[in-house]
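Shown next, in structure tokens, is the structure this report addresses.
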Amino acid sequence: MTTKMELSQQERLARIQLNAFTYLRADWFYKLIEVFGSAENILKQTPMALAESKIISLDSAKNLLKEAKTLNPDEEIAKTEKVNGKILLLEDEDYPESLKTLKEPPLVLYIRGNFNPQAIKVAVVGTRKITPYGKRCADKISADLSCAGIVVVSGLARGIDSTAQKAAVALNKPTYSVVGTGIGRCYPAENRKLATEILDNGGAIISELPFDKPPLPFHFPRRNRIIAGLSMFTAVIEGEEKSGALITAKLALEQGKDVFAVPGPIDSLQSGGTNMLIRDGATPLFSGQDIIDAIPMEFQKNIVVEDSKSKEEKSINIANLSDIEKQTLELIASSELSLDDIVNKLNINVSEASTLLFNLEVKGILASKDGLYSKNKFFSY
Amino acid sequence: MISKIHCTAIKGIDGFLVSVETDVSAGLPTFSIVGLPDTEVKESKDRVASAIRNSGFSFPLKKITVNLSPAKIKKSGSHYDLAIAIGILSATNQLSENAKEKISTSVFVAELGLDGHIKPASGILPMLMAIKEGKGKQINSVFLSYDNLNEAIISKTQPFCPISLKDLVYFLEGNLTADKLLNTTAAISNEEEKLEVHGLDFSEVKGQSLAKRALEIAAAGSHNILLSGPPGTGKSMLAKRFNTILPPLTHDEALEITRVYSVCNLLGKTKFMDERPFRDPHHTISDIALVGGGSNPRPGEVTLAHNGVLFLDEFAEFSRASLEVLRQPMESFNVTISRAKESVNFPSKFTLIAAMNPCPCGHNGQAERMCRCTPAQINRYKGKISGPLLDRIDLAINLNPVKYGDWKKLSEGESSTNIKERVVKARDIQVERFKNSKTTANAFMTNKEMKQFCKLPDDAGSVLENAMRKLGLSARSLDKILKTARTIADLEGEPDIKSSHIIEVFQYRTMDRKGVAE
């Protein structure tokens with residue numbers, strides 16, 4: 001439906017302007033172009049004239065023109081350039097090939113930071129309500145992939161998304177965030193620091209939405225198609241049976257891409273979705289190597305062979321632990337335990353248990369949240 | 001004719017002497033009370049008139065003016081009745097010269113019934129204490145209702161307790177011997193009630209050893225504590241048993257509380273507050289009710305919890321205004337309420353126990369039940385407890401539900417008596433430590449005292465550095481950590497703080513620890 005052609009500057013501005021209407025779907029848009037010749041012409045029409053084309057309803061036409069007119073395209077470009085970003089149109093040479101084949105490709109992409117279309121990209125997504133297990137896994141898989149030179153793509157959301165991207169940033173590796181706001185904003189606000197770190201480490205923040213667009217609920221399922229679209233594979237770490245992560249997985253399958261899922265405990269709500277994916281044929285994901293192995297031969301040359309274990313992980317030497325520490329670890333390995341559980345199971349007092357858990361925590365072996373202790377890092381015996 | 005009778009009034013929780021001046025002169029029959037009386041005092045007119053008539057005296061049909069002096073301080077309460085009645089009788093010469101002389105060195109504090117019966121008043125204890133403290137040197141006898149006898153005995157005053165106005169006049173005229181009105185049989189005995197109040201014991205709480213330990217530390221050092229956990233984990237159960245492990249009150253402390261309760265008319269059958277108060281206001285309480293206030297300032301819950309415990313259940317459900325007003329009393333241990341004409345001071349040295357759920361639905365962080373709250377809701381819920389308020393809380397712990405299987409296996413917990421023994425020992429160490437200062441417990445240490453008594457152990461440097469880095473503890477919380485570590489050391493009878501004490505405190509600092517899933 002797209003024809004190769006150089007767009008005039010005026011036409012570019014008009015298309016950026018029309019993109020302000022967030023419900024504008026690519027297929028409508030190109031049908032409108034066919035009828036009216038150019039985006040510039042579309043903007044000159046009355047809503048009635050647009051509706052007469054029978055492509056969009058009168059209401060949509062009204063909203064399309066109304067929203068387009070509230071956006072100043074020159075300003076959009078200026079703001080984007082100010083943050084060292086760029087605006088790509090679907091017709092542009094460096095617009096990512098993998099998105100062009102989507103059923104609904106984004107008409108406009110705002111990209112901030114350093115985006116490399118050639119890099120091998122894998123989506124690492126999951127629930128916002130992360131469990132310690134999910135945290136360990138996201139951390140490990142993302143670190144494995146990043147070390148192999150694969151770029152982790154995620155959504156900068158709370159939970160799995162930010163854990164995966166933090167892991168990449170911690171290794172100074174690039175990672176791409178496809179966000180549900182304009183690139184001039186950050187949602188959730190607590191990830192502002194992470195967003196800066198992503199940009200500092202050669203990563204990118206990508207959005208199809210106008211520069212200052214606030215986070216609206218319907219933006220998020222739509223941006224998931226871009227996450228899946230940019231990536232070669234999609235890895236779901238944790239997700240409830242009905243969750244955004246599963247939408248991403250479904251979109252990836254629709255796009256004909258392999259989905260990986262981390263198996264989890266069958267009684268964990270957050271693993272309900274991933275376990276279901278595995279039953280439905282997704283590849284169980286045990287480590288980053290599973291994904292690396294699945295990368296087609298022609299791309300294998302891009303894979304860096306590096307020891308994927310982070311420094312911290314290497315420093316954990318289980319053998320050096322005392323007997324009681326090993327015992328504690330065995331208890332905690334299978335589930336989250338509170339200090340009370342340790343007190344009861346090991347038959348020690350609160351004071352002793354405090355010291356025991358503190359030592360394990362500062363060694364980086366355990367992590368605590370809300371009074372519950374769990375394994376901090378992914379390691380096996 | 002004119003007469004002058006002594007009575008007392010309350011400002012804040014302090015009593016002071018008031019003189020009731022009565023003038024009965026010719027003119028149209030009117031009865032007015034001046035000297036800033038409030039409605040209760042004004043209604044006194046009708047009670048006094050009826051009481052006088054019904055006691056067999058005549059009520060003068062003349063112009064009666066009663067002045068409550070000093071006239072610029074607001075008066076409230078019904079306890080002026082007796083003094084006004086005696087004033088009228090005296091001013092109308094219905095009393096002999098002999099009786100009038102007795103009156104001039106007496107104070108009358110009681111309400112009157114229409115039949116002339118003498119009824120109890122509130123705030124008797126601080127009023128009598130004011131007389132004792134020498135604010136009324138000329139006073140040598142006190143008349144009050146029999147029901148206020150206990151408070152009089154607490155203040156070491158021997159009052160006369162006539163049953164009715166008639167009795168009182170008989171006595172003043174010398175027709176009734178003193179021993180009829182002197183009653184010393186009212187012994188103050190709370191022993192039976194004590195058993196009733198308690199019946200609660202820590203041994204009834206199975207498991208939750210961390211929470212119990214934290215409460216023990218809180219009791220020993222008078223530290224404020226925040227318990228957070230899903231419903232049904234025993235937060236309220238633990239808090240309600242906190243009183244059973246607190247060290248006993250000293251006599252002065254008990255007197256301070258009894259004064260407050262006397263003013264608020266809350267003494268009831270308790271007579272003497274030799275138990276630490278435990279106040280648990282509902283979360284819909286207004287800020288005024290919490291810290292005190294009103295046009296005629298009255299003590300709030302923080303003052304009623306003085307020398308005791310203020311338990312705020314559903315801490316995050318309290319209005320933001322109520323929570324923020326807590327900051328000042330928690331910092332300075334008293335509340336100053338200022339009005340245009342006056343300002344009063346109420347004591348408020350309490351231990352705060354706050355309990356809250358981890359999120360609005362209560363199940364966040366639990367494996368068994370799904371939390372329905374959005375992250376934004378949880379943030380808003382937790383955000384209600386502001387940083388400055390959290391800064392005043394030394395210990396914060398998370399409680400986790402005890403699984404039924406584990407619960408069955410658990411043996412009965414330690415009894416309150418055992419825990420109390422350790423707490424008292426630790427408190428004794430503190431009393432000895434702070435004998436030359438105003439500080440009473442570790443939680444109230446000043447910076448100077450901290451420097452002196454909270455020396456870091458030699459090997460603490462690396463422990464603290466590790467903790468700061470790995471657990472994300474802030475430097476700001478260091479003071480609180482040291483104070484609490486001092487209490488743990490006291491509990492163990494150690495003269496110096498050890499690293500292990502500091503490490504234990506980290507368990508009680510969940511509020512400034514980095515969580516796993518941020």
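The table below lists the values:
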| item | result |
| --- | --- |
| Cα-Cα P(r), the range A:1-71, percent of pairs per 10 Å interval | 21, 61, 18, 0 |
| Residue B:97 accessible area, 1.4 Å probe, all protein chains in place, Å² to nearest 10 | 130 Å² |
| Convex hull volume per residue in cubic angstrom - Cα atoms of the range A:112-308 | 104 Å³ |
| For the range B:85-97, 3J(HN,Hα) per residue [Karplus equation, 6.51 cos²θ - 1.76 cosθ + 1.60, θ = phi - 60°, Hz, x = Gly/Pro] | 4, 4, x, 5, 4, 5, 5, 9, 6, 8, 10, 6, 4 |
| Vicinal HN-Hα couplings computed from phi for the range B:496-502 (Karplus, 6.51 cos²θ - 1.76 cosθ + 1.60; Hz; Gly/Pro x) | 10, 6, 10, 4, 5, 5, 5 |
| Cleavage-rule hits, trypsin sites (Lys or Arg not before Pro), the range A:51-108, DSSP coil, Cβ neighbours within 10 Å at most 11 | A:54 |
| Where only C-alpha atoms are counted, convex hull volume of chain B per residue in Å³ | 171 Å³ |
| Coarse-grained scattering of the protein assembly as shown at q = 0.06 Å⁻¹, given as base-10 log I(q)/I(0) from a Debye sum over alpha-carbon atoms | -0.61 |
| Net charge of Cβ neighbours under 11 Å - reference residue B:236; Lys, Arg +1; Asp, Glu -1 | 0 |
| Linear extension gain, residue B:176 paired with residue B:288, 0.36 nm per residue minus alpha-carbon span | 35.5 nm |
| For the range B:259-335, convex hull volume per residue from C-alpha positions, Å³ | 96 Å³ |
| Cβ charges +1 (Lys, Arg) and -1 (Asp, Glu), total dipole of the range B:418-465, debye | 360 debye |
| Distant-in-sequence amide H partners of residue B:312 (H built 1.01 Å from N, under 5 Å) | B:353, B:354, B:355 |
| Which of B:76, A:327, A:205, positive extreme of dipole for the protein assembly as shown (C-beta unit charges) | B:76 |
| log10 of Debye I(q)/I(0), alpha-carbon scatterers only, for chain A at 0.06, 0.13 Å⁻¹ | -0.28, -1.03 |
| GluC sites (Glu not before Pro) restricted to the range A:32-111 and DSSP loop, no more than 13 other C-beta within 10 Å | A:93 |
| Debye-sum result for the range A:312-375 in log10 I(q)/I(0), which assumes one identical scatterer on each alpha carbon, at q = 0.28 Å⁻¹ | -1.43 |
| Sorted peptide list for B:171-177, A:347-353, criterion being average Cβ within 10 angstrom, highest first | A:347-353, B:171-177 |
| Virtual spin-label span in nm between residue A:10 and residue B:324, 7 Å along Cα→Cβ | 5.7 nm |
| Nearby lysines by direct alpha-carbon distance to residue A:44 (threshold 22 angstrom, same-chain neighbours under 8 apart not counted) | A:31, A:54, A:62, A:66, A:69 |
| Carbon/sulfur fraction of accessible area - the range A:1-71, other protein chains in place, 1.4 Å, % | 52 percent |
| For residue A:175, distant residues with modelled amide H under 5 Å away | A:203, A:204 |
| FRET efficiency, 1/(1 + (r/R0)^6) with R0 30 Å, evaluated for residue B:447 and residue B:421 via beta carbons | 0.40 |
| Apportionment of accessible area to carbon and sulfur, chain B, percent (1.4 Å) | 51 percent |
| Accessible surface of residue B:24 - all protein chains present, 1.4 Å probe, nearest 10 Å² | 10 Å² |
| Proximal aspartates and glutamates to residue B:349, defined as alpha-carbon separation beneath 13 angstrom and excluding residues fewer than eight positions away on the same chain | B:253, B:256, B:301, B:331 |
| Those chymotrypsin sites (Phe, Trp or Tyr not before Pro) in the range A:157-263 that DSSP places in a loop and that have at most 12 other beta carbons within 10 Å | A:218 |
| Lys, Arg +1 and Asp, Glu -1 on Cβ, resulting dipole of the range A:1-71 about Cα centre, debye, nearest 20 | 100 debye |
| Per residue, in Å², the accessible surface of the protein assembly as shown once ligands and nucleic acids are set aside, probe 1.4 Å | 44 Å² |
| Electrostatic dipole magnitude of the range A:312-375 [Cβ: Lys, Arg +1; Asp, Glu -1; Cα centre; debye, to 20] | 120 debye |
| Antiparallel DSSP beta bridges within the protein assembly as shown, percent to nearest 5 | 50 percent |
| Sequence-separation-based contact order of the range B:2-181, relative, with Cα cut under 8 Å and 6+ spacing, percent | 24 percent |
| Gap separating the Cα centres of the range A:282-299 and the range A:342-368, nearest whole Å | 37 Å |
| Pairs from A:193/A:257; A:250/A:369; B:4/B:75; B:11/B:341; B:382/B:403; B:156/B:420 whose Cα-Cα separation, in the structure shown, is over 20 Å | A:193/A:257; A:250/A:369; B:382/B:403; B:156/B:420 |
| Percent carbon-and-sulfur accessible area, the range A:112-308, ignoring ligands, DNA and RNA, probe 1.4 Å | 55 percent |
| Rounded if a/c under 1.5, otherwise prolate or oblate - the range B:2-181, Cα gyration tensor axes | oblate |
| Accessible area that becomes buried as A packs against B, both chains, 1.4 Å probe, Å², nearest 100 | 2900 Å² |
| Three principal axis lengths of the range A:1-153 [C-alpha, angstrom, descending] | 56, 31, 30 |
| Largest-first ellipsoid semi-axes for the range A:120-183, taking √(5λ) over the Cα gyration tensor eigenvalues, angstrom | 16, 15, 8 |
| Shielding of B:206-217 by partner chains, average beta-carbon count, 10 Å | 4 |
| Ranking by accessible area, most exposed first, for B:390, A:246 with a 1.4 Å probe | B:390, A:246 |
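The values are calculated or read from the model by the stated rules, or taken from the named source; none is laboratory data. Remember, predicted model here, so these are calculated numbers, not experimental data. Quick reminder, even Gly has a Cβ in these numbers, built from the backbone with ideal geometry, and neighbours come from all protein chains shown. Just so you know, the surface numbers come from the protein's heavy atoms only, side chains and all, with ligands and any DNA or RNA stripped out. Shrake-Rupley method; radii C 1.70, N 1.55, O 1.52, S 1.80 Å.
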